[in-house]
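Asks: Would you mind keeping the following structure in view while I ask a few things?
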Amino acid sequence: TVAPGDNVTDILPGIHDLLAQAEQLPGETIQATLTLDKNGKTISLHVRITVEKIGSEIEGFIVTYDDITPLVLAQRNAAWADVARRVAHEIKNPLTPIQLAAERLKRKYLKYIPEEQDTFVKYTDTIAKHVGDIGKMVEEFVSFARMPTPRFEKEDIAGLLRKAIFSAQVTWPSIDITSDIPDGEMSFFCDERQITQVMTNLLKNAAEAVEAKHADAEGERGSIRVHLQCAGEQISVTIEDNGSGFPQTDMHKVLDPYVTTRSKGTGLGLAIVKKIVEDHKGNITLDNLSEGGARVVLSFPQHCDINASTQQGPQ
């Protein structure tokens, strides 16, 4: 918002050069895109400047701007999706022959190696394991590049959350994963598969962050807390952990494709989450907790419909 007397160069950094250019070319409309940082978020503005003249004297400038942030993000995601398709295609082709070759080596030649059979098996199993890891990375590329249009049906988001949490508890038994979810069913129009993928990715990220921080810590257990809230016309899911947290600088970029804080990460997990949430007309916000750890909040503008006959409060 611009008020009378405000210095426009303070509000729109970078506009000074555009004003000077417009002053030199008073008969033309000067256009450019400015990138601003506002409250930790990057905003892209398309700015147009024309000179207002009375006679030969310049009386002022007319500045108009449009927020094109969603358009820029859509273009960037489309470009990254094309990169993902190409990478997945080039990597996926040789994986199966490598996997089969390692298995055939072990099956055919193990009996001819009288000594160090354990070492031979270890080598072939290592090849197979890393091929499998690469295959999982390729699947993330494919998931991002071919994200289907969601098919909305009435689902029980409380039930979906409980299933995702149970799966995470089985996968990471050393982490205390608890929930605060109203009893009963909570109707939610969504794509069940995609929302399950969102919850799975977020719980996986939280667990990996917890393990990274508490791997060598003695007497301190990692913890993850999931909270589901229904408030009028909005459903929100909050996931908090006591892990390593998000990087303080450029936190907003964590949701961009191929941005990761992990050495083996593809940087697509949160990008996929963001895409799915936006396709469901929702929002995702990231934050670090003052006591350490991270918080992720998903909010969806949907009317809450809880089965009152079974609703008893948080579990």
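None of the figures in this text is laboratory data; all of them are computed from the coordinates on show. Note that the coordinates shown come from a computational prediction; the quantities given were computed from them, not determined experimentally. Neighbour counts run over all protein chains shown; Cβ positions are idealised from the backbone, glycine included.
Asks: Based on the Cβ-Cβ distance from Lys154 to Tyr123, what FRET efficiency comes out when R0 is 45 Å, to the nearest 0.05?
Replies: Efficiency computed from Cβ-Cβ geometry: 0.30.
Asks: While we're here: May I ask you to compute the full-extension gain from Phe166 to Leu71, defined as 0.36 nm times their residue separation minus their alpha-carbon distance, rounded to one decimal in nm?
Replies: Stretched out fully, the Phe166 to Leu71 stretch lengthens by 30.4 nm.
Asks: Pull up all non-local amide H partners of Gly245: gap of 5 or more, or a different chain, and H-to-H distance under 5 Å with H placed in the peptide plane.
Replies: Placed amide hydrogens put Gly293, Ala294 under 5 Å from Gly245.
Asks: What FRET efficiency would be calculated for the residue pair Ser174, His46, taking the C-beta separation as r and a Förster radius of 51 Å, to the nearest 0.05?
Replies: Computed FRET efficiency for Ser174 and His46: 0.50.
Asks: Once amide H atoms are placed 1.01 Å from N in the peptide plane, what residues at a sequence separation of 5 or more from Asp287, or on another chain, have their amide H within under 5 Å of its amide H?
Replies: Those lying under 5 Å, H to H, from Asp287 are Arg295.
Asks: Which of the lysines could a cross-linker bridge to Lys136, judged by Cα under 18 Å and excluding same-chain residues fewer than eight apart?
Replies: Of all the lysines, those that pass the test against Lys136 - Cα under 18 Å, at least 8 places apart if same chain - are Lys92, Lys204, Lys264.
Asks: Here is a further query. Kirkwood Rh over alpha-carbon pairs of segment 98-207, then Stokes-Einstein at 4 °C and 1.567 mPa s: what D in µm² s⁻¹, rounded to an integer?
Replies: Diffusion coefficient, whole number: 74 µm²/s.
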